[in-house]
Amino acid sequence: MRLLDLTLSTPEDNLALDEALLNEAEESSEPRETLRLWESPETFVVLGRNSQVAQEVNLESCEARGIKILRRASGGASIVTARGCLMYGVVLSYETRPALRSLDEAHRFVLETMLSALRPLVSDVERQGTSDLAIGNEKFSGNSVRCKRRTMLYHGTLLYDFDLPLVETCLTMPPRQPEYRRNRTHRAFLTNLPASAQALRDAVASAWQARPDDTSWPNQRVRDLVASRYGQRDWNYKH
């Protein structure tokens with residue numbers, strides 16, 4: 001698996017790159033799998049593909065603070081990302097891993113791989129709900145998936161030094177909650193992993209057996225996706 005540890009210059013570019021890597025793999029003549037790691041220096045909100053801004057975002061608060069509101073290609077609820085939140089994404093091939101066509105198996109496989117990476121650093125991490133990772137009943141990782149015909153993108157968050165009160169500033173209570181949340185506020189529900197960014201990067205890359213190579217990243221695809229989607233208010237604020 002290729003390792004791409006790359007943060008681009010804008011939030012729009014960073015969201016576009018995850019989708020560009022998926023599309024590149026989908027169109028490749030042979031299986032192409034990538035682990036990408038990145039961390040935004042800028043605070044922004046990321047809506048799920050079908051999220052409603054009015055339901056999930058404190059719009060007035062975000063606009064007053066100049067916090068961008070963007071939308072990703074995968075499902076799930078809205079998140080906030082910034083420094084202290086390591087983002088990861090794996091593009092996986094159904095040709096190499098046909099069992100992942102079952103969404104339940106995809107969740108199990110990816111989250112168990114992530115847990116194997118994290119447990120040497122934090123022994124009591126565990127899976128909660130459908131696609132969360134937590135310490136006890138406090139969440140540090142939310143995840144979502146985008147499936148295509150030959151490939152899938154599974155990506156999510158790893159909170160390690162994040163300004164947790166910022167989430168309540170930007171987001172409302174989600175319209176859908178896993179049972180283990182028990183209607184707790186964002187601040188009461190979320191936690192940071194007690195690990196450094198570099199330790200997390202190294203552990204995740206090792207668990208996926210991902211190695212950097214000299215393959216270029218899909219620069220033009222990113223520009224095209226930003227122009228047609230991630231840079232467009234109609235996409236980001238759609239109902």
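Looking at region 159-168 only, could you name the residues that are farther than 18 Å from SER51 by Cα and not charged (D, E, K, R)? Result: LEU159, TYR160, PHE162, LEU164, PRO165, LEU166.
Considering only residues that are among the aromatic types (Phe, Trp, Tyr) and within 18 Å of the chain's Cα centre (by Cα), look in region 40-98 and name the one that is nearest to PRO174 (Cα to Cα). The extreme case among them is PHE44.
Find all pairs meeting these conditions: Cβ atoms under 8 angstrom apart; at least six residues apart or on different chains; first residue within region 101-126 and under 20 Å from LEU35 (Cα atoms); second residue part of a helix (DSSP H, G or I) and hydroxyl-bearing (Ser, Thr, Tyr). Filtered contacts from region 101-126: ALA117/SER206. Within region 92-104, does at least one residue satisfy the condition of being modelled with pLDDT under 95 and either in contact with a strand residue (DSSP E or B) (Cβ under 6 Å, 6 or more places away or on another chain) or basic (Lys, Arg) (or both)? No, region 92-104 contains no residue that is modelled with pLDDT under 95 and either in contact with a strand residue (DSSP E or B) (Cβ under 6 Å, 6 or more places away or on another chain) or basic (Lys, Arg) (or both). Residues in region 96-109 that are part of a loop (DSSP other than H, G, I, E, B) and surrounded by 13 or more Cβ atoms within 10 Å (Cβ to Cβ): 2 in all. Name the residue that is modelled with the lowest pLDDT, counting only residues in region 175-196 that are of a type outside the set (Ser, Thr, Tyr), within 30 Å of ASN50 (Cα to Cα) and under 19 Å from the mean Cα position of the chain (by Cα). Taking the candidates together, the pick is ARG176. Residues in region 110-143 that are of a type in the set (Val, Ile, Thr) and not in a helix (DSSP H, G or I) were compared, and the one that is surrounded by the fewest Cβ atoms within 10 Å (Cβ to Cβ) is THR130.
The values are calculated or read from the model by the stated rules, or taken from the named source; none is laboratory data. Please read all numbers here as calculations on a predicted model, not as lab measurements. Using ideal geometry, Cβ is built from the backbone for each residue, glycine included, and neighbour counts are taken over all protein chains shown.
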